[in-house]
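Please read the structure below before turning to the comments.
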Amino acid sequence: MSVKCAQLTGSQTPLLHLLSVATQGRPDSIALVQDDIRIKYSELTALIESVAQDLRERGVSQGHLVSLHFPNSIACIVLTYAVWRCGGAVVPIAMELTAMEISSIVAQIRPHFFISNRNSTRAETIICPRIKTPYFLEQYAECMHGLAIPLDPAFIRFTSGTTGAFKGVVLGHTTIVERIQSLNRVLQIGVGDTVVWVLSMAHHFVSTIVLYLSAGASIVLSPGFPAERIINVVEKEKATILYASPFHYALLAADTSSCKISTIRMAISSTVALPESVYIDFYNRFGLTIRQAYGIIETGLVCVNTELPLKKRTSVGCVVPGYEVEIRNIEQSGENEPTCGRIFVKGPGFFDAYFSPFRSAGQILDNGWFDTGDIGRVDSEGYVYILGRYKEIINVAGMKVFPQEVEQVLDEHPAVGESHVFSQDNSRYGETVVAEVTLSSAESRIIESELRSYCRSRLASYKVPEKIRFVESIAKTVVTSKIIRKRSGSDVIQGVEDRCYGN
Amino acid sequence: METKTRRQLIQTRLLGFLREEVFDAQVTLDEHTDLLEAGFDSLALLRLLNYSEQHLGVCIPEAQITGDRIRTVYNMAEWIDTLETEKQTGP
C-alpha cells in the first residue's frame with residue numbers, strides 16, 4: 001500500500017486512489033461481509049460510484065460537510081467513501097447520542113447535508129443499490145460555508161456536543177494516508193488478511209477500516225457479543241485479525257467451548273487499557289497473545305506492542321517507526337518506582353486542525369509535539385507504559401466524556417446549585433462518570449434517580465453519571481475558584497441507593 | 001421472597017433500566033422483545049453487567065453470557081434470578 005500524493009490529479013482523492021489500487025490487485029476478492037452479504041472489491045468501488053452519483057445529483061460536492069448518522073454496516077462504509085468521492089468531508093454522528101446532542105453538534109458545525117438511517121420529514125429516502133439499504137438524506141439550506149481547501153478534509157470527529165470541549169478533529173486525506181501507511185508498516189495487514197470487526201465505526205474508522213480496505217484485506221462485520229458469535233464468525237471466515245476492546249477479549253477469554261480460533265495471527269486491543277488478568281485468561285484459553293495499541297484521534301495509533309506482547313504485556317509497545325515519544329515533567333512516585341511524566345508524541349499523519357473554534361495543528365503542536373494528556377513511562381528498551389491521565393477527559397470504554405459537558409447539563413437543572421463531574425475506575429469500562437452536586441437552595445428536593453433520568457434525556461448513556469452524591473459544597477481553589485478535579489479511583493462514590501426502577 | 005415474585009421484581013427493574021438507560025424512547029420494550037434485534041449492543045451489555053452488579057447485587061460471569069440468556073428481559077430475569085438462587089444456596 002503506497003501512494004505518492006503529489007502525482008494524483010483530477011477528481012480522485014488519495015483515499016479513493018488507495019482503494020482503487022487495492023481493487024485493481026484483487027477485484028474478485030471479498031472486501032466486506034455482513035451477515036449473508038458479501039461484497040467484492042470490484043463491487044465495492046462500483047457501489048461507491050453509484051452512491052456518489054446519487055449524492056452528487058442531490059448537490060453533495062467539493063468542500064461540503066456531510067454528517068453521517070449510521071450504524072455499523074456495509075452501507076456506512078460505502079456512504080463514507082461516496083462522500084469522499086464527491087469531495088466532501090464526513091462528520092460521524094454516533095448512534096448513542098441523544099437528539100439534543102445531535103442538534104447541538106449540527107448547530108455548531110452547520111453541515112451541508114445530514115445522512116441518517118432514520119427518516120425525518122425533510123429527508124429524501126434513497127436506496128443503496130446491491131445491499132438494498134435505505135438511507136435518508138437531508139440538505140440544510142442555510143450557511144453553505146466550506147472548509148479551507150488546502151486542508152483537503154476527509155473526516156471531522158467531534159467528541160462533545162456542548163461548549164467547553166467542542167473541538168472537532170479535522171483529518172485531511174493526505175494526513176490519513178500518512179497515518180495508515182506508517183501504521184501498516186508495523187501491522188503488515190494485506191491481501192491475505194480477514195479482519196473481524198466488532199467496534200463502533202463512529203468511534204473507530206480511519207486507522208482501521210480505511211487501513212484494511214487500502215491494504216486489500218477483507219472486513220467481516222460481527223456483533224460484539226456473545227463470545228460464541230464472534231468465535232463462530234472467526235471460524236467461518238477463517239479470520240486472521242481481531243481488533244477489539246478489552247471487554248470483548250474478556251468475553252472471549254471466558255468462553256468455555258473448545259474452539260481455538262487458530263487462524264487468528266494478530267489480536268489487537270484498543271480503546272482502554274487491557275487488564276493483565278484478561279490478557280492472561282485469553283492467552284490461557286486460546287494460546288494467543290493480545291497486542292495492546294495506543295493512540296488518540298489527533299495522532300492515530302502511535303504505539304503497538306507487536307514484538308513482545310507476552311513478556312511486556314502491560315506495555316502498549318514501542319513507538320511506531322517514524323514517530324517519537326517523549327516523557328516530560330518527570331516525576332518519581334516512590335523510591336523504587338520508575339520515573340514517569342506526561343506523554344508527548346510527534347510524527348506523521350497528525351491531525352490538521354480543530355474545527356471549532358478553528359485552530360490549525362501548527363497553532364496547537366509544540367514544534368510538532370502533541371500533548372496526549374496521558375501520564376506514562378518508557379523503559380530501557382523503549383517500551384511505553386500508560387499509567388493514567390492528567391487531563392480531565394474521562395474514558396468510558398474508549399469513548400471520551402468531557403466533565404464540563406456533563407456539569408453543564410447538571411447545572412441547568414433547577415434543583416442543582418453546582419456540580420463536579422469526575423471519573424471513577426471501573427474494571428469493565430476502564431472508567432465511569434460520577435458526580436457530586438450541591439442543591440440550589442435549602443428547599444430544593446431531588447433524588448439521584450430523578451437527576452440521572454434528567455441527564456439521560458440530554459446525554460448519551462455513557463456520559464450519564466453512574467452515581468451522583470449530594471454534597472454541601474464543591475472543593476475549589478482559593479485563588480481562581482476553579483473546581484479541584486478529582487482523579488479517578490481516588491474517591492469512590494457509593495451513591496445514594498434510591499435508584500429503584502419500577503417501584 | 002418467593003422465586004416468582006423476585007423474578008418479577010428483577011424483570012420490572014431490568015425493563016426500567018433498559019428503558020431509562022439503554023434504549024431510545026421510541027423503542028417499544030416489553031419482557032419478550034428481542035433485545036438483540038432492537039439494537040442491544042456490547043456497550044449496552046457492559047451497562048447491564050454494571051447495573052446487575054451495582055443495583056441487583058448479582059455479578060454476571062462473562063463465561064455464562066449466551067445470546068439466549070440476554071435475548072429478552074424475560075430470559076435475563078430468569079437467569080439473574082437463578083444466579084441469585086445459586087449464590088444463596090451455595091454448593
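The values are calculated or read from the model by the stated rules, or taken from the named source; none is laboratory data. In this text the structure is predicted, and so the values were computed from the model without any measurement. Cβ sites come from the backbone with ideal geometry, for glycine too, and all protein chains shown count toward neighbours.
Here are a few things to note about the model shown:
- Considering region A:201-228, and only residues there that are away from chain B (no Cβ under 14 Å), polar (S, T, N, Q) and more than 16 Å from the chain's Cα centre (by Cα), the residue that is nearest to residue A:35 (Cα to Cα) turns out to be A:218.
- Counting residues in region A:271-281 that are closer than 21 Å to residue B:61 by Cα, of a type outside the set (Lys, Arg), within 14 Å of chain B (Cβ to nearest Cβ) and under 20 Å from the mean Cα position of the chain (by Cα) gives one or more.
- Count - residues of region A:31-60 that are more than 26 Å from the chain's Cα centre (by Cα) and part of a loop (DSSP other than H, G, I, E, B): 3
- Within region A:286-304, the residues that satisfy the criterion of being over 23 Å from residue A:231 (Cα atoms) and in contact with a Lys or Arg (Cβ under 7 Å, 6 or more places away or on another chain) are A:297, A:300, A:304.
- Only one of the numbered conditions (1) crowded, with 22+ Cβ neighbours inside 10 Å; (2) farther than 30 Å from residue A:385 by Cβ; (3) at pLDDT 95 or above is not met by residue A:243, and that is (2).
- Residue-level check: of (1) of a type in the set (Asp, Glu); (2) over 16 Å from residue B:70 (Cβ atoms); (3) within 11 Å of chain B (Cβ to nearest Cβ), residue A:237 misses just (3).
- Against the criterion of being crowded, with 20+ Cβ neighbours inside 10 Å, more than 14 Å from every other protein chain (Cβ to nearest Cβ) and farther than 23 Å from residue B:45 by Cα, residue A:171 qualifies.
- Subset of region A:441-464 that is hydrophobic (A, V, I, L, M, F, W, C) and not in a helix (DSSP H, G or I) - its residue that is surrounded by the fewest Cβ atoms within 10 Å (Cβ to Cβ): A:442
- Residue under evaluation residue A:231, criteria (1) of a type outside the set (Phe, Trp, Tyr); (2) without any contact (Cβ under 8 Å) to a residue 24 or more places away in the chain; (3) within 13 Å of chain B (Cβ to nearest Cβ), criterion not met: (2)
- Options A:256, A:263; residue that is modelled with pLDDT of 95 or more, surrounded by fewer than 18 Cβ atoms within 10 Å (Cβ to Cβ) and β-branched (Val, Ile, Thr): A:263
- Qualifying position, being at positive phi, of a type outside the set (A, V, I, L, M, F, W, C) and in contact (Cβ under 8 Å) with a residue 12 or more places away in the chain, among A:190, A:224, A:216: A:216
- Once region B:9-45 is narrowed to residues that are outside any loop (DSSP other than H, G, I, E, B) and in contact with a Pro (Cβ under 9 Å, 6 or more places away or on another chain), the residue that is farthest from residue B:59 (Cα to Cα) is B:36.
- Taking region A:403-431 as the range and being among the small types (Gly, Ala, Ser), assigned to a strand (DSSP E or B) and at pLDDT 85 or above as the test, the residues that pass are A:417, A:419, A:423.
- Filtered residue count, region A:240-269, keeping only those that are small (Gly, Ala, Ser), more than 11 Å from every other protein chain (Cβ to nearest Cβ) and touching a strand residue (DSSP E or B) at 6+ places or on another chain (Cβ under 7 Å): 2
- Per this entry, residue B:69 is not counted among residues that are within 8 Å of chain A (Cβ to nearest Cβ), surrounded by 16 or more Cβ atoms within 10 Å (Cβ to Cβ) and either over 11 Å from residue B:14 (Cα atoms) or of a type outside the set (Phe, Trp, Tyr) (or both).
- Residue in region B:51-65 that is within 12 Å of the chain's Cα centre (by Cα), facing chain A (nearest Cβ under 7 Å) and on the phi < 0 side of the Ramachandran plot present: yes
- Within region B:1-44, if we keep just the residues that are basic (Lys, Arg) and free of Cβ contacts under 8 Å to residues at least 60 places away in the same chain, the residue that is farthest from the other protein chains (Cβ to nearest Cβ) turns out to be B:4.
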